[in-house]
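Enquirer: Structure in structure tokens, see below.
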There are 4 protein chains.
Amino acid sequence: MMLPELRETVSRLHAELTRYGLVAWTAGNISGRAPGGDLFVIKPSGVSYDELTPESMVVCDLDGELVEGDHSPSSDTAAHAYTYRHMPEVNGVVHTHSTYASAWAARGEAIPCVLTAMADEFGGEIPVGPFALIGGDDIGKGIVATLAGHRSPAVLMQNHGVFTIGDSPKAAVKAAVMCEDVARTVHVARQLGEPLPIAPDDIDRLYDRYQNVYGQRSHL
Amino acid sequence: MMLPELRETVSRLHAELTRYGLVAWTAGNISGRAPGGDLFVIKPSGVSYDELTPESMVVCDLDGELVEGDHSPSSDTAAHAYTYRHMPEVNGVVHTHSTYASAWAARGEAIPCVLTAMADEFGGEIPVGPFALIGGDDIGKGIVATLAGHRSPAVLMQNHGVFTIGDSPKAAVKAAVMCEDVARTVHVARQLGEPLPIAPDDIDRLYDRYQNVYGQRSHL
Amino acid sequence: MMLPELRETVSRLHAELTRYGLVAWTAGNISGRAPGGDLFVIKPSGVSYDELTPESMVVCDLDGELVEGDHSPSSDTAAHAYTYRHMPEVNGVVHTHSTYASAWAARGEAIPCVLTAMADEFGGEIPVGPFALIGGDDIGKGIVATLAGHRSPAVLMQNHGVFTIGDSPKAAVKAAVMCEDVARTVHVARQLGEPLPIAPDDIDRLYDRYQNVYGQRSHL
Amino acid sequence: MMLPELRETVSRLHAELTRYGLVAWTAGNISGRAPGGDLFVIKPSGVSYDELTPESMVVCDLDGELVEGDHSPSSDTAAHAYTYRHMPEVNGVVHTHSTYASAWAARGEAIPCVLTAMADEFGGEIPVGPFALIGGDDIGKGIVATLAGHRSPAVLMQNHGVFTIGDSPKAAVKAAVMCEDVARTVHVARQLGEPLPIAPDDIDRLYDRYQNVYGQRSHL
């Protein structure tokens with residue numbers, strides 16, 4: 001069996017999606033790019049989170065074709081594959097329909113950067129990508145094109161949910177957790193009035209400091 | 001004891017109702033139709049979720065009369081029985097008062113289809129059935145009549161809660177989980193503005209693809 | 001040690017308050033009246049829920065004076081004692097600051113009966129009692145006077161929280177769980193519009209049926 | 001290894017932050033001042049809550065400089081250190097981005113005292129401190145200056161989150177838990193109208209009684 005360590009990592013990280021309440025039933029999925037760069041490990045389709053094991057993970061190439069595995073790959077595999085093909089610095093991708101992020105996505109509204117934690121992690125607003133149907137490269141194209149214009153490792157896909165990226169599967173999972181956390185807090189803040197803006201210069205200072213302190217590169 | 005496997009399945013599935021927070025105290029119930037079609041297994045009335053066992057499940061006929069069991073059947077048994085009598089393709093029924101679905105039901109308002117996950121699972125809006133009193137066939141009639149006009153496997157009963165159907169008890173539980181999930185997300189989206197509509201053609205495309213990929217037939 | 005069985009019951013029931021998220025830190029308390037009627041068992045003051053044991057429960061008389069126990073009784077003991085003195089049919093009392101019930105209480109607004117589950121359990125609106133300071137009989141008087149005019153086993157005390165009663169400690173805990181459940185659902189319903197009313201006759205029919213089916217008497 | 005008991009206490013208390021849902025990923029931190037007063041124990045930076053042990057805690061002096069530990073101290077260490085330097089009666093400090101408290105902070109709005117539990121614990125409103133960048137003493141100065149004018153052991157830092165203090169680490173954790181609890185309840189109350197005010201005299205009576213009953217001094 002190929003890639004035993006990455007299978008283990010990707011399988012185990014799915015527990016963070018349930019721990020933080022980001023997923024219901026079998027929705028949501030995580031992938032990780034293999035060393036070498038031309039394969040990735042991803043969740044199988046329709047398997048419940050309780051039953052995920054390193055062995056049940058599947059391996060795909062960058063066209064999203066199944067290379068190894070007893071199950072079908074996640075129905076979102078094409079979007080993961082497109083992202084890996086076009087963003088060589090990305091080694092992890094996460095997709096969820098987490099409640100608050102998806103609510104912003106349903107309105108097609110970016111999440112404004114009004115929290116210092118959001119400046120730290122996202123370096124500005126969390127942007128919205130286009131409405132796109134599943135079944136081809138449209139979702140992947142929307143992810144890559146939208147992220148190109150932002151420092152955010154998260155993108156809200158209109159009427160759909162959220163995709164996050166990272167230089168590791170764990171970094172992408174962290175981005176998914178923090179995206180829902182700030183999506184919820186900014187939503188709650190907005191329910192009773194307008195949050196105060198943070199000056200763009202201060203957002204830059206917070207982002208630069210955080211990325212250096214934590215040793216993370218832009219987007220990852 | 002009849003139907004040991006179905007008793008085990010129906011008993012165990014109730015853990016999903018508590019895991020996803022769809023029920024409080026002893027509210028909520030699941031049933032499953034037996035092979036052969038003229039009996040079903042259902043939760044006993046007023047037993048706490050911690051104490052449910054395969055043995056405590058009860059067996060009823062399609063008139064809702066107790067056939068086997070030490071406890072009384074769920075007080076919602078008549079609605080389950082009516083549904084099985086009039087929808088031969090249904091093999092599982094779930095009833096909950098889950099918070100967000102019941103809130104839409106309290107306003108008598110259908111949940112609009114503004115999420116791709118909702119197009120996938122429900123094929124359009126989640127409709128509202130009539131106000132009906134417990135104690136006869138009124139609730140069952142409302143369920144069957146309302147579902148007849150929709151692809152949704154879930155129906156919001158006005159001022160009451162939600163009923164879902166499936167071609168298996170597990171499919172009906174999945175519908176109950178996803179119904180609350182989209183009820184909550186669309187509620188949250190609506191709190192700060194109007195969600196963007198999804199074009200009816202796109203809803204059809206998403207629904208058709210999802211039902212084929214997952215091998216599910218309409219309504220189930 | 002007196003009343004070992006009741007100590008065990010009251011101690012164990014506190015786990016339901018944490019399970020349903022009705023309490024934070026050490027807020028919230030449950031009591032149960034002893035057979036014979038002139039003593040009750042109640043939570044000790046300031047002890048965390050993890051550390052509650054049958055032995056740490058305290059016994060008080062109907063004036064709220066400590067009869068047995070190593071800890072001080074709950075700071076809400078006077079309100080429990082007043083309720084037992086004036087409502088001989090009550091054998092259990094619960095107090096929480098659960099979020100949604102307390103939010104209605106902070107506005108001094110009764111929860112309207114717009115859910116069939118609320119008609120079942122509460123027989124109408126959940127009423128609001130007066131603002132009252134702790135330290136005398138004012139809270140107890142407010143509870144008893146307000147419940148006298150309603151079928152509800154729950155009363156929202158203005159700017160404070162909720163008290164529930166039952167013919168057993170478990171029944172009072174059920175009322176506290178269901179009170180928060182309907183407080184939340186009706187709140188959520190109201191956020192996006194007006195819930196549809198249920199006709200008073202239908203509320204009566206639902207309440208009468210539920211109390212008979214479950215063998216419970218009015219208020220308990 | 002210095003301070004084994006305090007390391008154990010501070011490490012263990014972090015479980016309360018996850019239990020009450022006050023933190024996501026590695027955000028949030030607790031510190032405790034050592035006997036003698038010139039050192040404190042604090043969470044290491046970027047370590048997940050599951051992996052915290054007494055041994056992984058770090059020891060700093062009151063300038064925030066690392067004295068003992070294998071990890072870097074929390075990135076919020078300077079704010080903890082400033083608070084200990086300027087508030088000699090404080091022996092515990094907690095920082096979180098808990099959702100509802102942070103939402104009030106994002107609007108720069110103090111939480112009004114409309115719950116008796118809030119009068120008990122906070123003696124009035126929970127105030128808002130200034131917007132301040134991390135990396136120097138600005139956050140610490142904002143905390144100390146804002147708390148000086150209030151009885152509240154909690155301060156909302158604008159666009160950021162909440163800091164709480166106590167005469168022990170446990171007391172500061174309790175303040176963080178209760179702060180989020182009242183932040184949420186008052187938020188929910190405000191969603192459907194205006195909460196009723198509590199008269200200032202009654203707030204004083206409630207606060208005085210609670211602080212005496214529980215043997216706590218002002219601010220701690």
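The values are calculated or read from the model by the stated rules, or taken from the named source; none is laboratory data. Just so you know, these numbers come straight off a predicted model, no measurement behind them. Every residue, glycine as well, gets a Cβ built from its backbone with ideal geometry; the counts of neighbours run over all protein chains shown.
Enquirer: If I ask for residues that are more than 11 Å from every other protein chain (Cβ to nearest Cβ) and not in a helix (DSSP H, G or I), which ones from the range B:144-164 would you list? Steps first, answer last, please.
Expert: Our first condition is that a residue be more than 11 Å from every other protein chain (Cβ to nearest Cβ); within the range B:144-164, this holds for B:144-156, B:162-164.
The answer is B:149, B:150, B:151, B:152, B:153, B:154, B:155, B:156, B:162, B:163, B:164.
Conditions tested, residue by residue: (1) within 17 Å of the chain's Cα centre (by Cα); (2) among the polar types (S, T, N, Q); (3) within 20 Å of residue A:97 (Cβ to Cβ).
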{"residue": "A:46", "(1), (2), (3)": "no, no, yes"}
{"residue": "A:49", "(1), (2), (3)": "no, no, yes"}
{"residue": "A:52", "(1), (2), (3)": "no, no, yes"}
{"residue": "A:57", "(1), (2), (3)": "no, no, no"}
{"residue": "A:65", "(1), (2), (3)": "no, no, no"}
{"residue": "A:69", "(1), (2), (3)": "no, no, no"}
{"residue": "A:75", "(1), (2), (3)": "yes, yes, yes"}
{"residue": "A:83", "(1), (2), (3)": "yes, yes, yes"}
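Enquirer: Take residue C:176 and decide whether it is away from chain D (no Cβ under 14 Å), buried (at least 24 other Cβ atoms within 10 Å of the Cβ) and closer than 20 Å to residue D:117 by Cβ.
Expert: In short, yes.
Enquirer: Mind counting the residues in the range A:1-59 that are exposed (fewer than 15 other Cβ atoms within 10 Å of the Cβ) and of a type in the set (D, E, K, R)?
Expert: Counting residues in the range A:1-59 that are exposed (fewer than 15 other Cβ atoms within 10 Å of the Cβ) and of a type in the set (D, E, K, R) gives 6.
Enquirer: Further question on the same structure: Restricting to the range D:1-57, name every residue that is among the acidic types (Asp, Glu) and in contact with a Pro (Cβ under 8 Å, 6 or more places away or on another chain). Lay out the reasoning, then the answer.
Expert: Residues of the range D:1-57 that are among the acidic types (Asp, Glu), as a first pass: D:5, D:8, D:16, D:38, D:50-51, D:55.
Selection gives D:8 alone.
Enquirer: Also: Somewhere in the range C:83-101, is a residue more than 14 Å from every other protein chain (Cβ to nearest Cβ), over 30 Å from residue C:200 (Cβ atoms) and either at pLDDT 95 or above or assigned to a loop (DSSP other than H, G, I, E, B) (or both)? Let's see the steps before the verdict.
Expert: So the first thing to find is which residues in the range C:83-101 are more than 14 Å from every other protein chain (Cβ to nearest Cβ), and the list is C:83-93.
Subsequent filtering for residues that are over 30 Å from residue C:200 (Cβ atoms) retains C:84-85.
Subsequent filtering for residues that are either at pLDDT 95 or above or assigned to a loop (DSSP other than H, G, I, E, B) (or both) retains C:84-85.
Checked against the condition, which is being more than 14 Å from every other protein chain (Cβ to nearest Cβ), over 30 Å from residue C:200 (Cβ atoms) and either at pLDDT 95 or above or assigned to a loop (DSSP other than H, G, I, E, B) (or both), the range C:83-101 yields at least one hit.
Enquirer: Can you tell me which residues in the range B:102-143 are touching a Lys or Arg at 6+ places or on another chain (Cβ under 9 Å), away from chain C (no Cβ under 13 Å) and assigned to a helix (DSSP H, G or I)?
Expert: B:119, B:120, B:121, B:122, B:140
Per-residue answers, yes or no, for (1) surrounded by fewer than 24 Cβ atoms within 10 Å (Cβ to Cβ); (2) free of Cβ contacts under 8 Å to residues at least 24 places away in the same chain; (3) more than 28 Å from residue C:41 (Cβ to Cβ); (4) of a type in the set (Phe, Trp, Tyr):
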{"position": "C:156", "(1), (2), (3), (4)": "no, no, no, no"}
{"position": "C:170", "(1), (2), (3), (4)": "yes, no, no, no"}
{"position": "C:181", "(1), (2), (3), (4)": "no, no, no, no"}
{"position": "C:185", "(1), (2), (3), (4)": "no, no, yes, no"}
{"position": "C:189", "(1), (2), (3), (4)": "no, no, yes, no"}
{"position": "C:193", "(1), (2), (3), (4)": "yes, yes, yes, no"}
{"position": "C:199", "(1), (2), (3), (4)": "yes, yes, yes, no"}
{"position": "C:203", "(1), (2), (3), (4)": "yes, no, yes, no"}
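Enquirer: Kindly evaluate residue D:147 against the criterion of being surrounded by 18 or more Cβ atoms within 10 Å (Cβ to Cβ), modelled with pLDDT of 95 or more and touching a Pro at 6+ places or on another chain (Cβ under 9 Å). Full working, then the answer.
Expert: Details: surrounded by 18 or more Cβ atoms within 10 Å (Cβ to Cβ): yes; modelled with pLDDT of 95 or more: yes; touching a Pro at 6+ places or on another chain (Cβ under 9 Å): yes.
For residue D:147, the condition - surrounded by 18 or more Cβ atoms within 10 Å (Cβ to Cβ), modelled with pLDDT of 95 or more and touching a Pro at 6+ places or on another chain (Cβ under 9 Å) - is met.
Enquirer: Turning to a different aspect of this structure: Which residue out of A:28, A:36 is out of contact with any strand residue (DSSP E or B) (no Cβ under 9 Å at 6 or more places or on another chain), farther than 23 Å from residue B:12 by Cα and not aromatic (Phe, Trp, Tyr)? Step through it out loud before you land on a result.
Expert: On the way: A:28 fails: out of contact with any strand residue (DSSP E or B) (no Cβ under 9 Å at 6 or more places or on another chain).
That would be A:36, the only listed residue that is out of contact with any strand residue (DSSP E or B) (no Cβ under 9 Å at 6 or more places or on another chain), farther than 23 Å from residue B:12 by Cα and not aromatic (Phe, Trp, Tyr).
Enquirer: Which of (1) more than 13 Å from the chain's Cα centre (by Cα); (2) part of a helix (DSSP H, G or I); (3) of a type in the set (Lys, Arg) is the odd one out, the single condition residue D:174 does not satisfy?
Expert: Among (1) more than 13 Å from the chain's Cα centre (by Cα); (2) part of a helix (DSSP H, G or I); (3) of a type in the set (Lys, Arg), residue D:174 violates only (1).
Enquirer: From the residues in the range D:187-205 that are facing another protein chain (nearest Cβ under 7 Å) and among the aliphatic types (A, V, I, L, M), which one is nearest to residue D:95 (Cα to Cα)?
Expert: In this case the residue turns out to be D:188.
Enquirer: For the range A:70-82, which residues satisfy the criterion of being within 14 Å of chain B (Cβ to nearest Cβ) and part of a loop (DSSP other than H, G, I, E, B)? If you could, list the steps in order and put the result at the bottom.
Expert: The initial filter retains those residues of the range A:70-82 that are within 14 Å of chain B (Cβ to nearest Cβ), namely A:71-79.
Those that are within 14 Å of chain B (Cβ to nearest Cβ) and part of a loop (DSSP other than H, G, I, E, B): A:71, A:72, A:74, A:75, A:76.
Enquirer: Identify, please: which residue in the range C:158-168 is in contact with a helix residue (DSSP H, G or I) (Cβ under 9 Å, 6 or more places away or on another chain) and under 22 Å from residue C:37 (Cα atoms) and is, among those, surrounded by the fewest Cβ atoms within 10 Å (Cβ to Cβ)? Even if it seems obvious, please write down each step before you answer.
Expert: Of the residues in the range C:158-168, the ones in contact with a helix residue (DSSP H, G or I) (Cβ under 9 Å, 6 or more places away or on another chain) are C:158-166, C:168.
Now drop any that are not under 22 Å from residue C:37 (Cα atoms), which leaves C:163-166, C:168.
Details: C:163: 30, C:164: 29, C:165: 27, C:166: 24, C:168: 16.
Among those residues, the one meeting the criterion is C:168.
Enquirer: Could you say whether any residue in the range D:71-80 is without any contact (Cβ under 8 Å) to a residue 40 or more places away in the chain, surrounded by fewer than 23 Cβ atoms within 10 Å (Cβ to Cβ) and more than 22 Å from residue D:131 (Cα to Cα)?
Expert: Yes - at least one qualifying residue is present in the range D:71-80.
Enquirer: Restricting attention to the range B:43-63, which residues are closer than 19 Å to residue C:116 by Cβ and away from chain C (no Cβ under 14 Å)?
Expert: The answer is B:43, and nothing else.
Enquirer: Out of D:86, D:95, report the one residue that is crowded, with 24+ Cβ neighbours inside 10 Å, of a type outside the set (A, V, I, L, M, F, W, C) and within 21 Å of residue D:167 (Cα to Cα). Show your work before the answer.
Expert: Details: D:86 fails: crowded, with 24+ Cβ neighbours inside 10 Å.
Going through D:86, D:95 in turn, the sole match is D:95.
Enquirer: Kindly establish whether residue A:198 is under 18 Å from residue D:161 (Cβ atoms) and assigned to a loop (DSSP other than H, G, I, E, B). Steps first, answer last, please.
Expert: Details: under 18 Å from residue D:161 (Cβ atoms): yes; assigned to a loop (DSSP other than H, G, I, E, B): yes.
Criteria met by residue A:198.
Enquirer: I'm told residue D:169 meets every condition in (1) more than 10 Å from every other protein chain (Cβ to nearest Cβ); (2) farther than 21 Å from residue D:19 by Cα; (3) not acidic (Asp, Glu) except one. Can you identify the failing condition by its number?
Expert: Just one mismatch for residue D:169, condition (2).
Enquirer: Next question. Return the residues of the range A:12-44 that are more than 22 Å from residue D:21 (Cα to Cα), modelled with pLDDT of 95 or more and of a type in the set (Gly, Ala, Ser); say none if nothing qualifies.
Expert: Once the filter is applied, which keeps residues that are more than 22 Å from residue D:21 (Cα to Cα), modelled with pLDDT of 95 or more and of a type in the set (Gly, Ala, Ser), the range A:12-44 yields A:31, A:32, A:34.
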